[in-house]
Amino acid sequence: MSKNKHQNKKVSGAKKLVYLDYASTTPTASEVSAAMAPYWSEKFGNPSNLYQIGRIAFDALESARFLVAKNFNCDPSEIIFTSGGTESCNLALRGMAKYFRAGHIITTNVEHHAVKNTADVLSREHFTVSIAPVEKNGIVNLGQIKKLIREDTFLISVMWVNNEIGTIQPIEKISRFIRKENVRRISKGLNKIYIHTDACQAVPYIKIDLSKIGIDLLSFNGSKVYGPKGAGGLFIRQKTPILPIMAGGEQELGIRPGTQSPALAVGLAKALDIISKKRATENIRLQKLRDWLWVKLAKKYPKIIFNGDKQIRIPSNINFSVPGVEGEAMTLMLDQEGIMASTGSACASNDLKPSYVLVAISLSDELAHSSIRLTLGKFTVKSDLEYFLIAFDKVYKKLKIIGT
């Protein structure tokens, strides 16, 4: 396996650098950077232009769209390129809302800010938003969603994998139920319910076949799959009623205006293709490392509370709370030891409030504030985790002394 040059560097005091925050972002793979390189300068054309370099850019853009569609097993016309997961989620929710003008939306209480805050905005306009609570293990019960469905419900948005605690939501189960429910609704003259899922954290670990899963809208991005930041996409199943949320040109089938970037599209497609080919073996490797670390932590620190379902989760994530220790202080002191970890979502790193995801799974504010999230990636090796355990023990002892 290739080495991550950043992890071989030393910081002050000859400390090793260990990156354990892959859920926040990933380094761009060298193969991805190489694939993108020609489209920054040599093949810089605007895909909308008819002359030669424009046609070259257009061909690159459409080849990338074809490759993305191949990896999701959908039609290339169903892939819209965006600037990332946040825009994709906004486009899904706001684009559907713009079409329906009024009605009811269902989501959960553990969604990423891109969905949560968009739903909050819509709730102050002409829409009613219902929040389905998750269980203590971080997973939503289909029964909770069933209870919230109304005659004017037009959209359900449930993330596939939670970015903080790594739990996997029952998307296939939800989609199967809604497919049956829609048959009943249509027979009664009611509108169909559409399903959106934020799959940004799912794509690296779960093979998604959109020809078999009844999802209408799926958001994904490049920064979680060793692709470029600022690149993402939205799958929109054919005949899904959605309107653009920005005014401009007719790019991206008239759904997402603005000059397209062949470089970013090529990079995103290449990253997804690499991930899909290595996913199965990498999942096994990561789970072995994650489980080894889990056992070591549980044995040495029996008071630690592990957050999220122990089985129904992606193989790279450990989220735990350390009673009596403040999470932000812990991550800052770990940083001084060369360990890069997180207290939760990177999108809320400046927010001093307890994580709403951890509160949603019934943790007290104190335990939510004492959490730490470790996410492993393709450059993580066992020696990194051994070093983490040494650094964590050092920091833990210091903070316990301060706490007393």
Note on Ile372: of the conditions (1) in contact with a strand residue (DSSP E or B) (Cβ under 6 Å, 6 or more places away or on another chain); (2) within 29 Å of Thr281 (Cβ to Cβ), unmet is (1)
Subset of the range 371-404 [at pLDDT below 95 and either crowded, with 21+ Cβ neighbours inside 10 Å or of a type in the set (S, T, N, Q) (or both)]:
Thr404
If I filter the range 165-174 for residues that are surrounded by fewer than 21 Cβ atoms within 10 Å (Cβ to Cβ) and touching a residue at least 60 places away in the same chain (Cβ under 8 Å), do I get at least one hit?
no
Give me the pairs, please: first residue somewhere in the range 311-326 and outside the structural domain of Ser342 (by TED's automatic domain parsing) and at pLDDT 95 or above, second residue anywhere and assigned to a loop (DSSP other than H, G, I, E, B) and surrounded by 21 or more Cβ atoms within 10 Å (Cβ to Cβ), beta-carbon distance under 8 Å, and either six or more positions apart or on two chains.
none
With the requirement that a residue be assigned to a loop (DSSP other than H, G, I, E, B), touching a Ser or Thr at 6+ places or on another chain (Cβ under 6 Å) and not β-branched (Val, Ile, Thr), what does the range 301-322 give you?
Gly308, Asp309, Ser316
Is it the case that some residue within the range 201-221 is without any contact (Cβ under 8 Å) to a residue 40 or more places away in the chain, aliphatic (A, V, I, L, M) and over 30 Å from Arg285 (Cβ atoms)?
no
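The values are calculated or read from the model by the stated rules, or taken from the named source; none is laboratory data. Quick caveat: nothing in here was measured; it's all calculated off a predicted structure. Cβ atoms come from the backbone with ideal geometry, glycine included; neighbour counts cover every protein chain shown.
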